[in-house]
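Heads up: the structure comes next, in structure tokens.
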Amino acid sequence: MRCNALSILVVEPESAIANSLCSALERRGHRTLLATDPVGALESETPDVLICGVEAGGGGEYDLLEEYARRGRQPRSILLLSDPSTLSFRRARELGVEDVIARPFRLDELMNSVERISDSSNAHTTPSFSTFSRSYPCDGETVDRSARDIAAFALRCGVGPSARARLASAVAEVAENAV
């Protein structure tokens with residue numbers, strides 16, 4: 001068993017996915033709890049880590065995070081999004097979510113996220129998001145420069161390659177529209 005073993009609540013409506021996640025986490029030495037929906041999650045003890053599957057059109061998972069915050073016992077959280085969007089990432093950040101992973105996801109990506117939480121200090125309660133703020137002149141070079149800058153920033157923050165590419169593309173499109 002790991003010295004930093006965690007109590008992990010998996011909230012996932014699909015039983016096959018939920019059972020696979022719980023098995024993999026238990027093999028790593030963590031104690032798992034399972035709930036199929038946010039209501040069932042609130043009936044469980046407050047975990048160290050919450051892994052919550054968010055289906056397209058869902059939202060109860062965000063209500064779950066808000067309820068934990070109201071109770072003053074908010075676990076470190078990882079969201080598994082079926083339909084990631086700028087709004088869902090913003091909402092996750094507002095609620096203090098530690099990590100957001102798009103579906104379909106690789107199991108090792110999720111395990112790496114859990115291990116980062118496990119290896120970090122338990123006193124750390126703020127989200128690990130960083131802020132990027134920069135102004136650019138309105139010229140043709142801004143499109144490439146802004147995309148490169150955001151990609152480099154995302155790399156320093158540990159964002160995966162596909163998400164970095166999507167971020168850079170989105171920033172390039174916004175800059176191009178502005179120019």
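For this structure, a couple of remarks:
- Ranked by the mean number of other Cβ atoms within 10 Å per residue, highest first, peptides 31-40, 44-53, 103-112 order as 44-53, 31-40, 103-112.
- C-alpha long axis of helix 141-156 to longest principal axis of the chain, angle in °: 20
- Relative contact order of the chain: 15 percent, from C-alpha pairs under 8 Å at least 6 residues apart in sequence.
- The chain - Kirkwood radius from inverse mean 1/r over Cα pairs (Å): 17.5
- Site pair Arg134 and Ser85 shows an inter-label distance of 2.8 nm when each label is modelled 7 Å from Cα along Cα→Cβ.
- If only the Cβ of Lys and Arg carry +1 and only the Cβ of Asp and Glu carry -1, the dipole of the range 1-54 around its Cα centre is close to 340 debye.
- Helix 15-27 vs. the chain, principal-axis angle (Cα, 0 to 90°, nearest 10): 80
- Most to least packed among 93-101, 158-166 [average Cβ atoms within 10 Å]: 93-101, 158-166
- Against the chain, whose longest principal axis is taken from its Cα atoms, helix 107-119 shows a tilt of about 80°.
- Rolling a 1.4 Å probe over the protein heavy atoms gives the range 5-45 an accessible area of 48 Å² per residue.
- Amide N proximity, the range 3-28 versus Glu45 label position 7 Å along Cα-to-Cβ, cut-off under 13 Å: 6-9
- Basic side chains Lys and Arg get +1 at the Cβ, acidic Asp and Glu get -1 at the Cβ, and with that the dipole of the chain about its Cα centre reaches some 520 debye.
- Charge dipole (the chain, unit charges on Cβ, about Cα centre) - positive-most of Asn19, Asn112, Val174: Asn112
- Residue-averaged [θ]222 nm for the chain, counting only DSSP H segments that reach four residues, each worth -39500 (n - 2.57): -15000 deg cm²/dmol
The values are calculated or read from the model by the stated rules, or taken from the named source; none is laboratory data. What you see is a predicted model, and the numbers here were worked out from it, not measured in a lab. Note that each Cβ is placed from the backbone with ideal geometry, even for glycine, and that neighbours are counted across all protein chains shown. Calculation scope for accessible area: heavy atoms of the full protein, side chains included, ligands and nucleic acids excluded. Shrake-Rupley method; radii C 1.70, N 1.55, O 1.52, S 1.80 Å.
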